[in-house]
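Notes for the one structure printed next.
Nothing in this text is a laboratory measurement; each read-out follows from the coordinates by a stated rule. This is a predicted model, so every value here is computed, not measured. All Cβ positions, even for glycine, are placed from backbone atoms using ideal geometry, and neighbour counts span all protein chains on display.
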Amino acid sequence: MLFWGLSGIVVLGQAGLTGWLLRRGVASRWARGRVGGVLLLIGAAACLALPWAPAGAASVVLLVAGFGLAGAMSSVAATTVAELVPADRRGGALGIMNAVVTIAGLIAPTLIGRLVDTHGAEGYPYAVLITGGVLLLSGTAAVTLIDPDRDGRLLSA
């Protein structure tokens, strides 16, 4: 329950902060890509630190932060796609994005189940490390690659 609560706060807070930054003239690259990317990188750090954290409050905080901040990924992806794709194609593009997310949602439980089946309880730390790795890659990509202004110019050329 804490994950979903934090994730909801992150998505709404990120949307508010991004809108506030855009209204003040901050480039979309910073407002969308960097804000969301930094949240993902913080989540990655929490997940990657979790297997070595002492049991207790520290591990709970890292677990909630790692998985709760992952909610930023959907907001980063959806707003970037919506900004780049022309209005008449936006529904299809968002549908494709959601299909990819859904496929990932089908693969993840199978992967985690396989890890736990083959490694027992030690499979769970591997799952957290995989999540941290995905968040690290996603956050790095968001921070370095998202540039809607540049991409919009390239797509319209």
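Among Ala44, Ala65, Ala104, the largest mean-square fluctuation in a Gaussian network model of the chain (Cα springs under 10 Å) belongs to Ala104. Helices meeting the span-like rule in the chain (full DSSP H runs, Cα extent of at least 24 Å along the helix axis, mean Kyte-Doolittle score of -1.0 or higher): 2-23, 90-119, 123-145. Cα gyration tensor of region 1-50, axes a ≥ b ≥ c as square roots of the eigenvalues: rounded (a/c below 1.5), prolate (a/b > b/c) or oblate? It comes out oblate by the Cα gyration axes. When the Cα positions of Ala82, Thr102, Val10 are compared along the charge dipole of the chain, Ala82 comes out farthest toward the positive end, with charges on each C-beta of Lys, Arg, Asp and Glu. Applying 1/(1 + (r/R0)^6) with r as the Cβ-Cβ distance of Leu106 and Leu12 and R0 = 25 angstrom yields a FRET efficiency of 0.40.
Each Cα pair under 8 Å and six or more residues apart adds its separation to the average, and for region 1-81 the resulting relative contact order is 47 percent. GNM remark for the chain: springs join alpha carbons under 10 Å apart, and the peak mean-square fluctuation among Ala57, Ala46, Ala31 falls on Ala57. Across region 74-145, C-alpha contacts under 8 Å between residues 6 or more apart give a mean separation that, scaled by the residue count, equals a relative contact order of 19 percent. Note on the chain: with a GNM built from Cα contacts shorter than 10 Å, the maximum mean-square fluctuation among Ala87, Ala142, Ala78 falls on Ala87.
Each helix, a run of at least 4 DSSP H residues, gives -39500 (n - 2.57); summed and divided by the residues of the chain, these come to -26500 deg cm²/dmol at 222 nm.
In percent, rounded to a whole number, the relative contact order of the chain is 37, using alpha-carbon pairs under 8 Å and six or more apart. Eigenvalues of the alpha-carbon gyration tensor of region 16-157, scaled by 5 and square-rooted, set the equivalent ellipsoid semi-axes at 32, 19, 11 angstrom, largest first.
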